[in-house]
Amino acid sequence: MDADLSRMAFLGFGEAAMAFAPACHARMNGALRAFDIKTEAPETEQAKRADYARFGITGSASCADAMDAADLILSLVTADQALTAAAKAAKTLPEGALYCDMNSVSPDTKREAAEIIAAAGGRYVDVAVMAPVHPKRENAPLLVSGPHAEAALAALKGAGFTDVAIAGDRVGRASAIKMIRSIMVKGLEALSAECLIAANRADVTEEVVTSLAESFPSYDWGDRGDYALNRMMVHGKRRAAEMEEVVKTLKGLGLDGACSQATVDWQGAVGALNLDPADGLAAKIAQIEAERQARGARLA
């Protein structure tokens, strides 16, 4: 364990935190706690406590208990809860603690959270996770920015993260890179869904995929389309919330964000079907269409 890092806390213990937990737990010699609001709801409490046990993490009954004497705090909640988490943390934040906001939110949201944390005596850091947490886990590339970026880089490496880089000394810079990149990453997923579902309805999927492969031979449209639908089916609701933050980012830059708003609609519509993805592109499209018809729902 890093000599300057005695205790660490996760605020939020979902997919990302669980991906990072094994390496952090090993590096921290067990001096790691977590709090997730799902433990406050009877219908989700036991499942979340089972998650803590599975990773050998000490689950806390409150945000305050998780942060008690922590040097490093990783906020890994859903995009719509990032400010709420910062406000809750600020009530009992240890003086001088590094608060690494790893949530996928707009630069403006990060700057608002930074003001809350700084007012409570904490050191806020804008952290952007620049790749899916699986399979990279603690090796996922992180960008950090803000006045405490240097300290955060050292602390995150001390906690077990291997690929950390500084994006600048302004809060919001790391987030801007992440948000603007997401226009393309999540937008391609939405375009793939629209294209392939339309091709299926017109009974021209093979011809469309073949034509696309001729125009873009380095891109496997069948495999990438399958991957895109898988991501949307599993994570669409969360990704829609992240894309809302992208739209907010674009509007802050004087753009209307119309294309990204359409991505919000597609991600949210597919995610809302709550499907367990079948194997293969055709099977996924069939699932989506069957569930849509059963519900009488429209896609974006």
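Scanning the range 59-101 for residues that are aliphatic (A, V, I, L, M) and over 18 Å from residue 7 (Cβ atoms) turns up 77, 79, 82, 83, 85, 86, 87, 90.
Within the range 91-117, count every residue that is charged (D, E, K, R), closer than 12 Å to residue 171 by Cα and not in a helix (DSSP H, G or I). Residues flagged as charged (D, E, K, R), closer than 12 Å to residue 171 by Cα and not in a helix (DSSP H, G or I) within the range 91-117 amount to 1.
Has the range 141-151 got any residue that is surrounded by fewer than 22 Cβ atoms within 10 Å (Cβ to Cβ), free of Cβ contacts under 8 Å to residues at least 24 places away in the same chain and outside the structural domain of residue 254 (by TED's automatic domain parsing)? Scanning the range 141-151 turns up at least one residue that is surrounded by fewer than 22 Cβ atoms within 10 Å (Cβ to Cβ), free of Cβ contacts under 8 Å to residues at least 24 places away in the same chain and outside the structural domain of residue 254 (by TED's automatic domain parsing). For the range 84-119, what are the residues that are small (Gly, Ala, Ser) and farther than 24 Å from residue 180 by Cβ? Hits for the range 84-119 are 87, 89, 90, 96, 97, 118, 119.
Exactly one residue out of 276, 203 is at pLDDT 95 or above, more than 27 Å from residue 82 (Cβ to Cβ) and under 20 Å from the mean Cα position of the chain (by Cα), and it is 276.
The values are calculated or read from the model by the stated rules, or taken from the named source; none is laboratory data. Remember, predicted model here, so these are calculated numbers, not experimental data. Every residue, glycine as well, gets a Cβ built from its backbone with ideal geometry; the counts of neighbours run over all protein chains shown.
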